[in-house]
Amino acid sequence: MVKGLYTAHTAMINEEHRMDTLTNNLANFNTTGYKKEGATQQSFHDALLVKIKDSSEWYLSRRMGNMQPGVKIGETYTDWSQGSIRETNNTFDLALSTYGFFEIEYTDKAGVTSTKYTRDGSFTLTLDGTLVTKDGDYVLDSNGEHIQLDPTEDAFVDRQGNIYQGNNELVAQIAVTDFEDYDYLLKYGENMYDATAEATEVPPQAQVLSGYLEQSNVDIVSEMVNMISVQRHYEANQKVIQTMDNSLDTAVNNLGRLQ
């Protein structure tokens, strides 16, 4: 019976983790380029039980069999499927037609600068003509440099990410990167990623779409249905614990009581 308490407890912990993941997805429904996450679950390895130090067994150890302690939290994974594309008609709102990432020069609060990767192409020009993200981080070109434009001239961005100004003069090319295995990308914030040392870059196949933004790939209806399922699983395990607690209370306080 006590084993059942532990089993129900581990199930409730797992459902809490699933609920946290679902609520984070819903909170980022309107985050440009956000990729929803999911949570997996695993069973604990069977544990061998051995009865020891029991006077009824002459203090000899005796194998009692295997115990299954329930479920444990597995991996959190990212769904890399394409989000819907929304038209904005803003030149520097950019989306990628398929897999790939824009390169961003990100500086943290400690002043450390590093390259991040994102699907969020909501870029803008500063007063001096530097192309930056909505948070002010620099957008990088194909040479890893900041993109400097003339803020007084119109610009055009083609499907290869080339930026033209003036008399169709090529000014810069927006860097687009893709990776062979996304398992080597680490999430940073809500819609940026770090590439680990094991990440291998491959030539991107995506086209750059100017005047469009990729929305998150979160399906509200699906997430809400999953939340209801998680809540019911949590409540079911909660009732298991309450039932076992009542049974233990009866066994300890009532059974064997002298009338």
Item to check | Residue identified as within 18 Å of residue 104 (Cα to Cα), within 27 Å of the chain's Cα centre (by Cα) and of a type in the set (S, T, N, Q) among 200, 130 | outcome: 200
Item to check | Residue under evaluation residue 136, criteria (1) among the small types (Gly, Ala, Ser); (2) at pLDDT 95 or above; (3) part of a loop (DSSP other than H, G, I, E, B), criterion not met | outcome: (2)
Checklist entry - Only one of 228, 163 is without any contact (Cβ under 8 Å) to a residue 60 or more places away in the chain and surrounded by fewer than 16 Cβ atoms within 10 Å (Cβ to Cβ); which? => result 228
Checklist entry - Among (1) surrounded by 12 or more Cβ atoms within 10 Å (Cβ to Cβ); (2) free of Cβ contacts under 8 Å to residues at least 60 places away in the same chain, where does residue 113 come up short? => result (1)
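A quick yes/no check of all residues on (1) buried (at least 19 other Cβ atoms within 10 Å of the Cβ); (2) polar (S, T, N, Q); (3) assigned by TED's automatic domain parsing to the domain that holds residue 100; (4) out of contact with any Pro (no Cβ under 7 Å at 6 or more places or on another chain):
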| position | (1), (2), (3), (4) |
| --- | --- |
| 11 | yes, no, no, yes |
| 16 | no, no, no, yes |
| 19 | no, no, no, yes |
| 24 | no, yes, no, yes |
| 34 | yes, no, no, yes |
| 37 | no, no, no, yes |
| 42 | no, yes, no, yes |
Item to check | Which listed residue, of 248, 186, is outside any strand (DSSP E or B) and surrounded by fewer than 18 Cβ atoms within 10 Å (Cβ to Cβ) | outcome: 248
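The values are calculated or read from the model by the stated rules, or taken from the named source; none is laboratory data. All figures in this text were calculated on a predicted structure; none of them were measured in a lab. Please note: Cβ atoms are built from the backbone with ideal geometry, for glycine as well, and neighbour counts cover all protein chains shown.
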